[in-house]
Amino acid sequence: MSMSRQSSRPAAKVGSASSSIDKLVASKEIVITCGSGGVGKTTTAAAIAAMAAVNHGGKVLVLTVDPARRLANAMGISSIGNKEARIPDEAFVEAGERPRGELWAAMLDTKQSWDDLVLQHSPDKESSQRILANPIYQNFSGRFVQSHDYIAMERLYELHRQGGYDLIVVDTPPTRNAIDFLEAPQRMEDFFSSRLLRWLTVPYRSKLMNVASKPFYQVADRILGTQFLEDIAEFFMLFQSMYDGFVERSRTVARLLKDKRTTFMVVSTLEAAPLREGEYFIEELTARKFHLGAVVLNKVLPGYLKDAPSIGLAKKMSEEPESIAIQLDSAFSNRDLVTRVIKEIADSYLNYSLVAKREEKERAELAVAPDHLCTVPFMETDIYDLAGLLKVGNAIWG
């Protein structure tokens, strides 16, 4: 891994050079964002990567393993696939920035990544072609959930090992799936070494079968079919040649995730359900001894809603809407309508003020867990371009 981004980097151009998130990201090689669906996790990952490219230089990659394909449009490229694509500098110029580094993006293609892994680690070309043609493998690599989580870890490991990027920002699946993402290497190891799979492959690895086990295979043959048993046996026997490599690589990935070069960021909103998910993930990361670098809270209500003079004015408007309506009588002929609208607006402001106060309390409680707590205000429009991503990034940075 190139160390250029950590050795002689000038102060950041966007945001404060002393920004805590700026320093955190500058000191890491892998940032993994986690959280429930719909909280802006993909946008947050892309925004962090974009800010790192602007501020820190070097090559920055955002890798999404989320099925949503929102990144491409926001970054000014036609599509995102398994192969990394560079975001054109023109997209930054249009957003009012000139990046010191390069921003790249990729989206995990589970099937293609598995095929690449097989081609790379099979003992010979014949074995790799037999695996790729095997019906069990084709279903396993394209549809099996655990294979998606495992190959995501493999892809992260391989990209980091190659050393082509100074920073990799990973956008994980929604929260409870992200736990599977963390456990995938161990689960895959357990799966390939399970007793059931050994039973299924025994008659095809050896012509000898004891009397006790023979009825099992006869029943399995009637239920599953001879061809299915042959396919699954061939699949696991062929994979056996790569098993040791799988185990070693999964352990290497596990070490990488707990390495000082890696940090996790939990992304959430302060709504009840996402907040519970965020708290759950914070607890899991802490219990598993992963480094929790930051919590990013999106769609946070503005601070002026907690301003005492504003709240006082809203209360007065809510309690005495008629007096304000009288003052507006010269401009509006329907005083009852004006009175009703004034009270509705005032009551709505007070309700939002109450929510803002609750959010402040919840933020204070969350701030105990991570190294840093960042808030991103509620955006009036969706994020649809690089300028929007950098706006989110600036909020995270400072």
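Bear in mind that the values in this text are calculations on the coordinates, not laboratory data. The structure presented is a predicted model; accordingly, all values stated were derived computationally and were not measured. A quick note on method: Cβ atoms are made from the backbone with ideal geometry, for glycine too, and the neighbour counts reach across all protein chains shown.
Projecting the Cα atoms of 286, 273, 256 onto the charge dipole of the stretch 235-321 (Cβ charges, centred on the Cα centre) puts 256 farthest toward the positive pole. Coupling constants for the stretch 285-294 follow from the phi torsions by the Karplus curve (6.51 cos²θ - 1.76 cosθ + 1.60, θ = phi - 60°), and in residue order they are 4, 5, 5, 8, 6, 8, 7, 8, x, 7 Hz; glycine and proline get x.
Annotation: amide H-H contacts under 5 Å for residue 372 (H modelled 1.01 Å from N, sequence separation of 5 or more, or interchain): 294, 295. For residue 59, the residues 5 or more places off, or on other chains, whose built amide H falls under 5 Å of its own are 102, 166, 167. Using θ = phi - 60° and the Karplus curve 6.51 cos²θ - 1.76 cosθ + 1.60, what whole-Hz ³J(HN,Hα) does each residue of the stretch 381-398 get, with Gly and Pro shown as x? Calculated HN-Hα couplings, in order: 10, 5, 7, 10, 8, 5, 4, x, 4, 5, 5, 4, x, 5, 5, 5, 5, x Hz. Kirkwood radius, the stretch 305-358, all distinct C-alpha pairs, inverse of mean reciprocal distance: 11.4 Å. Placing +1 on the Cβ of every Lys and Arg and -1 on the Cβ of every Asp and Glu, with nothing else charged, gives the stretch 305-358 a dipole about its Cα centre of roughly 320 debye.
Phi-derived couplings, Karplus 6.51 cos²θ - 1.76 cosθ + 1.60 at θ = phi - 60°, listed residue by residue for the stretch 343-358: 5, 4, 5, 5, 5, 4, 4, 5, 5, 5, 4, 5, 4, 4, 5, 5 Hz, with x used for Gly and Pro. In the stretch 305-358, taking the dipole from charged Cβ atoms about the Cα centre, the farthest positive-side position among 350, 327, 337 is held by 350. Radius of gyration over Kirkwood radius for the stretch 33-124, both on Cα atoms: the Rg/Rh ratio is 1.04.
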